[in-house]
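See below for the structure under consideration.
The values are calculated or read from the model by the stated rules, or taken from the named source; none is laboratory data. None of these values were measured; they are calculated from a predicted model. With ideal geometry, Cβ positions are generated from the backbone for all residues, glycine too; neighbour counts draw on all protein chains shown.
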Amino acid sequence: MNRIVIRWAIVCICILCHPAVRAQDSLHVVHRFSLDDCIAYAIAHELNLQSAKIDAKITEAKEKEVTGLALPRVTASGQFQDYLKLPTTLFPDFFSPAVYAILKQENLIPQNKPVPQAGLTPVQFGTQYNLNTSLNASQTLFDPSVFVALQARETILELARKNVKRTERDLKVTVSKAYYNVWIARKQLQVVKDNIARLEKLLHDTRVMYQNGFAEKLDVDRLQVQLNNLKSQETEMQNMVTLSDQLLKFQIGMPLQDSLQLTDSLGFDDVKSDLLQDEEVDLHQRIDYQTLQTQLKANQFDLKRYQLAWLPSLSANASYGINAARTSFNFFDHDQPWFKTFYVGLNLSVPLFEGLQKKYRIDQAKLNVQKSQLQLELLDQSMQLELQQARTNLSNYLLNVASQQKNMELAQEVYEQTIKKYEAGVGSTIEINNAEGDLQQAQLNYYTALYNAMLAKIDYLKAIGKL
């Protein structure tokens, strides 16, 4: 009996610890997020933003590399050679003609003896083992391109940081719209579900009245047809809710298999809150404008770098080395000599002519600066237009929300009065169908107007640089 219990315990433990079971448990993660939670989650997980942050780190690393151009450079080198065969040089034989000339002058040989022609004699120079090491150092003293790069370093880093900030702003806009897109989809689905519940109750009551002889079968059939249509509409809206939900999870970088529940609601007061009233807006504080301004500064530094390329560059260098030559491998013998070399110097480079390449680089840099200036002017005008459009759209949508709210309340009253008339026996199912359809449409119109107003508010906050 104990063995059976132990076996079953082992089987249960194995099943619970199996990776597939653990993975299946990890798939059902439920998140209850407000809009701020979604934005915070997106900032931490969304892939495009993470990529922009990596780009900023790459830029920072490159700028540190530029800083290294102004620092000293020190290198050490060494070389060992073992000549298994010494190099041979053909040495001119200029000794033989001189010797014969002296011998003839001293009458030691006949005067008519021919003097041999000078030839080439193979001679081997050098030692079999050679070793040399050196330590070299150099320091840039004056280089215009390096100095301009150091001046532009902070501007380039600022441009990278602002690109990250702009990507984060765009992400906030996208996530906010996706969040409320899920909200409106779920709200529309809820409206249909509420209407289905009301219609099911009405259909039940009408069937009872029909069975008791107080209603016609036509009334029952009309309500049944309307109910079937609403259930088909419910299925379509459920699919839209699923699609919107998946889109939001994709926008914030959440695994699609996780469950996401929205905790924020949306009302008329939410749309009207945090809106500026006749306040002066400095559009030049928008991240778009600041980023383009920084890009203009970077282009101006680029132009300056090419303009100063005509100046000479100066660097200092020094080298210290030791070497030894041996006929046998005895470099560790302290009695044998080592020879030292040491020098310091300056290198001056003066650009004189490079095929007009510098001129055309300067022309390109000037055009890039002019292009950035035009883009700034165009962005300024487009921001003004964007602000005016955002204000107008928001004002119109707010008016529309107020109108649709009154219309929804009126449709609710009409529907309730129609139900009372029908229950009193003085109304018809046609009137109920019309009232129910008007109420559903009024509710959908109200929530759609509320959703559009919130999107207009998001665009407005983006236009004034508050996102």
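For the stretch 219-233, the count of residues that are over 20 Å from the mean Cα position of the chain (by Cα), more than 21 Å from TYR415 (Cα to Cα) and modelled with pLDDT of 90 or more is at least one. Within the stretch 247-273, residues that are closer than 15 Å to VAL29 by Cα reach partners that are assigned to a strand (DSSP E or B) and of a type in the set (D, E, K, R) with beta carbons closer than 9 Å, at six or more positions or on different chains, in the pairs LEU260/ARG32; GLN261/ARG32; LEU262/ARG32.
For the residues LYS113, LYS104, LYS53, the requirement of being assigned by TED's automatic domain parsing to the domain that holds THR174 and over 30 Å from THR327 (Cβ atoms) singles out LYS53.
Condition check: crowded, with 16+ Cβ neighbours inside 10 Å and not in a loop (DSSP other than H, G, I, E, B). Does VAL225 satisfy that? Judged against the criteria, VAL225 is not a match. Scoring SER382 on the criteria (1) at pLDDT 90 or above; (2) surrounded by fewer than 18 Cβ atoms within 10 Å (Cβ to Cβ); (3) within 22 Å of ARG222 (Cα to Cα); (4) of a type in the set (Gly, Ala, Ser) leaves a single failure, condition (3). Consider ALA215 carefully, then state whether it is modelled with pLDDT under 85, surrounded by 16 or more Cβ atoms within 10 Å (Cβ to Cβ) and not in a helix (DSSP H, G or I). The answer is yes for ALA215. Checked against (1) of a type in the set (S, T, N, Q); (2) modelled with pLDDT under 90; (3) surrounded by 13 or more Cβ atoms within 10 Å (Cβ to Cβ), GLN50 passes all but a single condition, namely (2). Just one of the listed residues (LEU276, LEU202, LEU247) is part of a helix (DSSP H, G or I), at pLDDT below 90 and in the same structural domain as LEU379 (by TED's automatic domain parsing), namely LEU202. Selection of the stretch 160-200 for residues being under 20 Å from the mean Cα position of the chain (by Cα) and polar (S, T, N, Q) yields ASN163, THR167, THR174, SER176. Of all residue pairs spaced 6 or more apart or on separate chains, those with beta-carbon atoms under 7 Å, a first member in the stretch 305-316 that is crowded, with 16+ Cβ neighbours inside 10 Å and a second member that is polar (S, T, N, Q) are ARG305/SER145; ALA309/SER145; SER313/SER349; SER315/SER138; SER315/GLN139; SER315/THR140; SER315/ASN347.
When you scan the stretch 252-273, how many residues do you find that are part of a helix (DSSP H, G or I) and within 30 Å of LEU399 (Cβ to Cβ)? Count: 5. For ASN299, the conditions (1) within 29 Å of PHE353 (Cα to Cα); (2) touching a Leu at 6+ places or on another chain (Cβ under 6 Å); (3) surrounded by 18 or more Cβ atoms within 10 Å (Cβ to Cβ) all hold with the exception of (2).
SER328 passes every criterion in (1) more than 30 Å from LEU71 (Cα to Cα); (2) touching a residue at least 24 places away in the same chain (Cβ under 8 Å); (3) in a helix (DSSP H, G or I) apart from (3).
With respect to the stated conditions, LYS172 fails to be closer than 29 Å to MET408 by Cβ and either among the hydroxyl-bearing types (Ser, Thr, Tyr) or in the same structural domain as GLU234 (by TED's automatic domain parsing) (or both). Is it fair to say GLY355 is under 53 Å from the mean Cα position of the chain (by Cα) and not in a loop (DSSP other than H, G, I, E, B)? No: the conditions fail for GLY355. The condition (being at pLDDT 85 or above and either more than 37 Å from the chain's Cα centre (by Cα) or among the β-branched types (Val, Ile, Thr) (or both)) is satisfied by just one residue among VAL5, VAL21, VAL30, VAL11: VAL30.
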